[in-house]
Ligand SMILES: [Zn+2]
């Protein structure tokens, strides 16, 4: 639809700016006249160009919005700055081909795993890239629009404890129950107390019961993990076994190679 023009407009506004042809009248409401557009090549090209520009702008706006949302989710995720970049393609899989392939599969099917509550258990000695792989998976999941909470187990317990008696009490824990994906890094490294053990059990158990996926990493073997958590070790290990696929990370300690 063309511009609405008052009858007092000069006559050149009623003709095509390219070919000079008079524009057809589309509608007339009392003394208001709506002119149509010209179909000559130049006018058509101009219209197509404007339409393209409009779409480009719309796409840019959409991308900016998406980028902003991703940044917000990234900030809330708790992933440390040094682990905030990277994709699975960047992960050095030379020594961990099977784990890499499994991680790619996990990320590709995350929407399904989110529904089924299926997670991963990354096992391996210190420096084998467990945190790197876990955070890369978390980033890939964030990019898909899901919410993530990441923390080392020790830091998480400190944060929850730090909220005691404040207006934030329970906020962190709630975030860990609600997120689409939770990554608990270095489980079993915490100094065990009755409170810390029951807090970790609560997170693992709630995720399990609500069929929400959990990724945990540990350099403890299953038996050591079971022993570390004295009263809930069996329950923790059985929930992890039932809901997580185990990935073993091997190879040399990358921290010592630099
Ligand atoms: Zn024209």
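The values are calculated or read from the model by the stated rules, or taken from the named source; none is laboratory data. What you see is a predicted model, and the numbers here were worked out from it, not measured in a lab. Here the Cβ positions follow ideal geometry from the backbone for every residue, glycine too, while neighbour counts run over all protein chains shown.
Answer yes or no: is there a residue in region 159-166 that is touching a residue at least 12 places away in the same chain (Cβ under 8 Å) and in contact with a strand residue (DSSP E or B) (Cβ under 9 Å, 6 or more places away or on another chain).
Looking through region 159-166, at least one residue is touching a residue at least 12 places away in the same chain (Cβ under 8 Å) and in contact with a strand residue (DSSP E or B) (Cβ under 9 Å, 6 or more places away or on another chain).
Residue check: is residue 164 outside any helix (DSSP H, G or I) and modelled with pLDDT of 95 or more?
no
This table checks each residue for (1) closer than 30 Å to residue 13 by Cα; (2) more than 16 Å from the ligand (Cβ to nearest atom).
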| position | (1), (2) |
| --- | --- |
| 44 | yes, no |
| 54 | yes, yes |
| 71 | no, yes |
| 78 | no, yes |
| 90 | no, yes |
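Taking the residues in region 42-97 that are farther than 20 Å from residue 249 by Cβ, more than 23 Å from the chain's Cα centre (by Cα) and in contact (Cβ under 8 Å) with a residue 12 or more places away in the chain as candidates, determine which candidate is surrounded by the fewest Cβ atoms within 10 Å (Cβ to Cβ).
The extreme case among them is 42.
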